[in-house]
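Below: the structure, in structure tokens.
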Amino acid sequence: EAGMITLDRGYKNTGSCESAITFLDGEKGILRYRGYAIEDLAEKADFLEVAYLLIFGELPNKEQLDKFSADIRDESEVDEEMKKILDGFPKSAHPMGVLSSLTSALIAFNPSSVNVDSEEEMYKAIVKILGKFPVLVAWTLRKKNSLPLNYGDDSLGYVENLHKMMFEKPGKKYNVDQSVIDALDKLLILHADHEQNCSASTVRMVGSSHAGLFASISAGISALWGPLHGGANQAVIEMLEGIKQDGGDTHKFMQKAKDKEDPFRLMGFGHRVYKNFDPRAKIIKKSADEVLGGLGIEDPVLDIAKGLEKEALEDDYFVQRKLYPNVDFYSGIIYRALGIPVEMFTVMFALGRLPGWIAQWREMRLKKEPIGRPRQIYVGANLRDFKPVGER
Ligand code: SDX
């Protein structure tokens, strides 16, 4: 009966698990992966090292890191038949829908990745998805650009290999500035995990039925797609572009956002946990200046973003609601400077978040968490008798 169940819409005050992976302090703006400060990791580590740390709990030594990257490289082929599935999509398909479908389709070609109960079997499924996901990401972009589907280059690091697969053109020499790879690597680290966010909770929920890692990741991609979650990074650029088209008046835009009748959400602002600032937004904002400066790019949208942030920090409506820029507010400006099209921004978020989803799934499975099945408070009709259609 109702008395027994407490309702907690959006699980704002419900702990779903004990976890040792990521620590957030919303008041102090602290984010740590396995006890390491995000500022340190973003500055000093690389993405594959952070992936290993999140999944297995320790920073790898050289031998462990070499083995991990070799095992991932050995699993970086994607079956040719997968191209037929990709072919079936219209070019207009949103990359997040394509990526979620391809991730689920991978199961058919890797049946051993489903019933994984031992750590060894989990490890094999983990290196498979880490090896194949960058190919799916690259193919999703190349499909949109009508470019031939390609494979990676084993001689390159994880992130450079991804960048090459995404951007190399037939018959053209591929080269990329190291600063671009470094910026991408840092962005992926900053997105790598964030404890029990909507998509990680989705991965845990689906994984709790033992549906397998790939199916859980596919579900996580769908959850991340929403504009209230990872999809916000695309919505932010669309919002900033809109302000630019409209003359760039951020004050006018802010007044509209607070309009009593129908206030609308400032995309890239606000967070369920961070109530002072999102430490990732601080790092990304600084990196945006560095990357655009380094590439000699003047993007007026960056100035509009900074103007919006300044307005929000001085505006009661936003200060009262503790609304500050979050990870999605500045990231799109860097992705754009790196030549990544706006509809691929959330795909880049998914690529960064993949190790976090894997870590959350593995922890849930190793702890043998029960299947997720919340309760409800029933507010529907009481018992009533069936009436044949003629009597309704
Ligand atoms: C991510 O959980 C994670 O960790 C997520 C993430 C991760 O790494 O996984 O950090 C990634 O998803 C970042 C968030 C990206 N989303 C956006 O930028 C979309 C805009 N932001 C919001 O929709 C919102 O702030 C959320 C979803 C991020 C958080 O929402 P909450 O905690 O559920 O807060 P709420 O919706 O209950 O809002 C509280 C109040 C409301 O006003 P009142 O009804 O009390 O008058 O604040 C208002 C909201 O209307 N509000 C906003 C706002 N966000 C909340 N008003 C204007 N603009 C906003 N952005």
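Looking at ASP316, is it within 13 Å of the ligand (Cβ to nearest atom), loosely packed, with under 14 Cβ neighbours inside 10 Å and not aromatic (Phe, Trp, Tyr)? Lay out the reasoning, then the answer.
Working: within 13 Å of the ligand (Cβ to nearest atom): yes; loosely packed, with under 14 Cβ neighbours inside 10 Å: yes; not aromatic (Phe, Trp, Tyr): yes.
In short, yes.
How about segment 251-306: which of its residues are small (Gly, Ala, Ser) and within 27 Å of ASP182 (Cα to Cα)? Outline the logic, then answer.
As a first pass, look at segment 251-306 and keep what is small (Gly, Ala, Ser): 257, 268, 270, 281, 287-288, 293-294, 296, 305.
Those that are small (Gly, Ala, Ser) and within 27 Å of ASP182 (Cα to Cα): GLY268, ALA281, SER287, ALA288, GLY293, GLY294, GLY296, ALA305.
I'm trying to understand the selection: among the residues of segment 42-64, which are closer than 24 Å to ASP154 by Cα and not in a helix (DSSP H, G or I)?
ALA45, ASP46, LEU59, PRO60, ASN61
A quick yes/no check of all residues on (1) at pLDDT 95 or above; (2) near the ligand (Cβ under 8 Å from one of its atoms); (3) not acidic (Asp, Glu):
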| residue | (1), (2), (3) |
| --- | --- |
| ALA223 | yes, no, yes |
| GLY226 | yes, no, yes |
| GLU238 | yes, no, no |
| THR250 | no, no, yes |
| SER287 | yes, no, yes |
| ILE297 | no, no, yes |
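Run down ASP315, ASP299, ASP328 and say which single residue is farther than 27 Å from GLU195 by Cβ and in contact (Cβ under 8 Å) with a residue 40 or more places away in the chain.
Numbers: ASP299 fails: in contact (Cβ under 8 Å) with a residue 40 or more places away in the chain; ASP328 fails: farther than 27 Å from GLU195 by Cβ.
Just one listed residue meets the conditions, ASP315.
Just name the residue that is surrounded by the most Cβ atoms within 10 Å (Cβ to Cβ) out of those in segment 65-92 that are in a loop (DSSP other than H, G, I, E, B), without any contact (Cβ under 8 Å) to a residue 40 or more places away in the chain and of a type outside the set (D, E, K, R). Outline the logic, then answer.
At the first step, the residues of segment 65-92 found to be in a loop (DSSP other than H, G, I, E, B) are 74-80, 88-92.
Still in the list and also without any contact (Cβ under 8 Å) to a residue 40 or more places away in the chain: 79-80, 88, 90, 92.
Next cut, of a type outside the set (D, E, K, R) only: 88, 90, 92.
On the way: GLY88: 9, PRO90: 7, SER92: 7.
Filtering segment 65-92 for residues that are in a loop (DSSP other than H, G, I, E, B), without any contact (Cβ under 8 Å) to a residue 40 or more places away in the chain and of a type outside the set (D, E, K, R), the one surrounded by the most Cβ atoms within 10 Å (Cβ to Cβ) comes out as GLY88.
If I ask for residues that are within 14 Å of the ligand (Cβ to nearest atom), over 20 Å from LEU53 (Cβ atoms) and among the polar types (S, T, N, Q), which ones from segment 194-221 would you list? Quick ask: steps written out before the conclusion?
Within segment 194-221, the subset within 14 Å of the ligand (Cβ to nearest atom) is 194-204, 220-221.
Retained after the next criterion (residues that are over 20 Å from LEU53 (Cβ atoms)): 198, 201-202, 221.
SER201, THR202, listed by residue number.
For (1) in contact (Cβ under 8 Å) with a residue 60 or more places away in the chain; (2) assigned to a helix (DSSP H, G or I); (3) surrounded by fewer than 16 Cβ atoms within 10 Å (Cβ to Cβ); (4) out of contact with any Phe, Trp or Tyr (no Cβ under 8 Å at 6 or more places or on another chain), each residue gets a yes or a no:
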| position | (1), (2), (3), (4) |
| --- | --- |
| SER104 | yes, yes, no, no |
| TYR123 | no, yes, no, yes |
| LEU130 | yes, yes, no, yes |
| TYR151 | yes, no, yes, yes |
| LYS164 | no, yes, no, no |
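Only one of these conditions is not met by ALA108: (1) of a type in the set (A, V, I, L, M); (2) buried (at least 17 other Cβ atoms within 10 Å of the Cβ); (3) in a helix (DSSP H, G or I). Which number is it?
ALA108 satisfies all of (1) of a type in the set (A, V, I, L, M); (2) buried (at least 17 other Cβ atoms within 10 Å of the Cβ); (3) in a helix (DSSP H, G or I) except (2).
Restricting segment 266-280 to residues that are within 8 Å of the ligand (Cβ to nearest atom) and either at pLDDT below 90 or not in a loop (DSSP other than H, G, I, E, B) (or both), which is nearest to ILE304 (Cα to Cα)?
Within segment 266-280, the subset within 8 Å of the ligand (Cβ to nearest atom) is 266-274, 278, 280.
Among the residues that remain, those that are also either at pLDDT below 90 or not in a loop (DSSP other than H, G, I, E, B) (or both) are: 269, 280.
Working: PHE269: 14, ARG280: 19 Å.
It comes out as PHE269.
Determine which member of the set LYS62, LYS83 is basic (Lys, Arg) and touching a helix residue (DSSP H, G or I) at 6+ places or on another chain (Cβ under 8 Å).
Values: LYS62 fails: touching a helix residue (DSSP H, G or I) at 6+ places or on another chain (Cβ under 8 Å).
Only one candidate qualifies: LYS83.
I'm trying to understand the selection: among the residues of segment 266-299, which are polar (S, T, N, Q) and either within 19 Å of PHE318 (Cα to Cα) or under 17 Å from the mean Cα position of the chain (by Cα) (or both)? Steps first, please.
Our first condition is that a residue be polar (S, T, N, Q); within segment 266-299, this holds for 276, 287.
Scanning segment 266-299 gives a single hit, ASN276.
Does segment 28-41 contain any residue that is within 14 Å of the ligand (Cβ to nearest atom), of a type in the set (Val, Ile, Thr) and part of a helix (DSSP H, G or I)?
Taking every residue of segment 28-41 in turn, at least one turns out to be within 14 Å of the ligand (Cβ to nearest atom), of a type in the set (Val, Ile, Thr) and part of a helix (DSSP H, G or I).
Can you tell me which condition THR202 does not meet? The list is (1) touching a residue at least 40 places away in the same chain (Cβ under 8 Å); (2) buried (at least 20 other Cβ atoms within 10 Å of the Cβ); (3) within 17 Å of the chain's Cα centre (by Cα); (4) not in a loop (DSSP other than H, G, I, E, B), and all the others hold.
(1)
Give GLY380, GLY372, GLY352 a once-over and let me know the one that is at pLDDT 95 or above, surrounded by 10 or more Cβ atoms within 10 Å (Cβ to Cβ) and more than 17 Å from PHE214 (Cα to Cα). Can you show your working first?
Working: GLY380 fails: surrounded by 10 or more Cβ atoms within 10 Å (Cβ to Cβ); GLY352 fails: more than 17 Å from PHE214 (Cα to Cα).
On inspection, the qualifying residue turns out to be GLY372.
Please name all residue pairs, on different chains or six or more residues apart, with Cβ atoms under 7 Å, provided the first residue is in segment 177-199 and is under 21 Å from GLY339 (Cα atoms) and in a helix (DSSP H, G or I) and the second residue is more than 9 Å from the ligand (Cβ to nearest atom) and of a type in the set (S, T, N, Q).
Correct list of pairs: ALA183/SER287; LYS186/SER287; LEU187/SER331.
The values are calculated or read from the model by the stated rules, or taken from the named source; none is laboratory data. None of the values given here were measured: they were computed from a predicted structure. We place every Cβ from the backbone using ideal geometry, glycine too, and count neighbours over all the protein chains shown.
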